[in-house]
1. For region 294-308, which residues satisfy the criterion of being over 21 Å from V277 (Cβ atoms) and open to solvent by 20 Å² or more (accessible area, probe 1.4 Å)?
2. In region 309-339, what residues are more than 24 Å from V254 (Cα to Cα) and either open to solvent by 40 Å² or more (accessible area, probe 1.4 Å) or touching a Ser or Thr at 6+ places or on another chain (Cβ under 8 Å) (or both)?
3. How many residues are farther than 20 Å from L129 by Cβ, at pLDDT 80 or above and open to solvent by less than 80 Å² (accessible area, probe 1.4 Å) if we restrict to region 187-213?
4. Restricting attention to region 252-267, does a residue exist that is closer than 21 Å to E164 by Cα, over 16 Å from the mean Cα position of the chain (by Cα) and surrounded by fewer than 22 Cβ atoms within 10 Å (Cβ to Cβ)?
5. Using beta carbons and a limit of 7 Å, which pairs, at least six apart or on different chains, have the first residue in region 264-286 and closer than 15 Å to T236 by Cα and modelled with pLDDT of 90 or more and the second one aromatic (F, W, Y) and surrounded by fewer than 24 Cβ atoms within 10 Å (Cβ to Cβ)?
6. Go through (1) modelled with pLDDT of 70 or more; (2) among the small types (G, A, S); (3) over 25 Å from L154 (Cβ atoms) one by one and return the number of the condition A82 breaks.
7. Which of the helices (runs of 4 or more DSSP H) found entirely inside region 241-339 contain at least 2 residues meeting this: β-branched (V, I, T)?
8. Of all residues in region 135-158, which are in contact (Cβ under 8 Å) with a residue 40 or more places away in the chain and hydroxyl-bearing (S, T, Y)?
Amino acid sequence: MTITKAAPPPVDHRDVDDRQGRRGWQINSPLVLTMLLLLVVAAQGPVRRALAAPVMQSWMTVFVAVVIQALPFLVLGVLLSAVIAVFVPPSFFARALPSRPALAVPVAGMAGAVLPGCECASVPVAGALVRRGVTPAAALAFLLSAPAINPIVLTATAVAFPREPQMVLARFTASLLVACAMGWLWQRLGRTDWLRPPARPAHEGLGKGAAFWGSVRHDVMHAGGFLVVGAMAAATLKAVVPASWLHAAAGNPVVSVLALAVLAVLLSICSEADAFVVASLSQFSLTARLAFLVVGPMIDLKLFAMQVGTFGRGFALRFAPATFTLAIVMSVLVGAVLL
């Protein structure tokens, strides 16, 4: 029997030319950067005149000031967060916490005071705690407290508010109370089917060095990007929004607290930089700015997305509104006493 090899199908040279033409016009990053640079050079006259305007000079001053003040704390926090996430085994926290959930909640909340890191790192760490057998109530208390009361954040707050040292104590007290209250609330009312078991983080299984730099790159991209966005928003509020509008919102105690609380959710600024952003909004009362500092590290847009991805949508839809409400209430109460 003779086996004949089938002839290949005829090549349509028009399809080949079309594919080559599409590849030839494919847009890549260097091309976009080159076109952008050429556009800037061609329009340098209008750009220079626009930057010379008083409103743009004011905008640039606020933006650069916020970024330069916050950047050292952001870098230090990212490095320390990566060290903790990679080199400290999650089983350590399981052994260190009390076996009774009611006692484990405040201990886990206080642990946030000695473990530096931003909210981007607290969600995967809390997921690792749950995966290693830590009671969810304690893991959630740590998730809320760590980004708000760790040494880097409190030091940054003290630097941002040099004339209001009581703001540091107020932020620590309000944030810790919210974290413990939410942990106890979950212990009493939370259901197992609301909390999806967390998946394994991406860096597990890698070497320590690769996992460390992977964690650093991840946190720098997220936290650094949100810092820039937050600084731009703060500069825009100061330079563009009429002062009468800000004074009108700041003049009403209820509206000012709600406005800055919602702004904290929308801006999604890293907790190691948020104090510098809100310190520039001097029109608002200290209590309203405290609400910004308490709400932001606990629930914002990026945190909600991370909580959905780690613990499930059912959990986030219940946990986020309760945290937001309790954070506002606690900020007002603590602000009335300490500020």
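The values are calculated or read from the model by the stated rules, or taken from the named source; none is laboratory data. Everything quoted here is computed from the prediction, not taken from an experiment. So basically every Cβ, Gly included, is an ideal-geometry build from the backbone, and we count neighbours across all protein chains shown. Note: accessible area is taken over every heavy atom of the protein model, side chains too, but ligands, DNA and RNA are not part of it. Shrake-Rupley method; radii C 1.70, N 1.55, O 1.52, S 1.80 Å.
1. If the condition is that a residue be over 21 Å from V277 (Cβ atoms) and open to solvent by 20 Å² or more (accessible area, probe 1.4 Å), then V308 is the only one that fits.
2. Our first condition is that a residue be more than 24 Å from V254 (Cα to Cα); within region 309-339, this holds for 309-318.
Hits for region 309-339 are G309, R313, L317, R318.
3. 2
4. yes
5. A279/F161
6. Unmet for A82, out of (1) modelled with pLDDT of 70 or more; (2) among the small types (G, A, S); (3) over 25 Å from L154 (Cβ atoms): (3).
7. Working: elements: 243-251, 253-267, 274-279, 286-295, 301-311, 313-338.
Counting at least 2 such residues, we get 253-267, 274-279, 286-295, 301-311, 313-338.
8. T135, T155, T157
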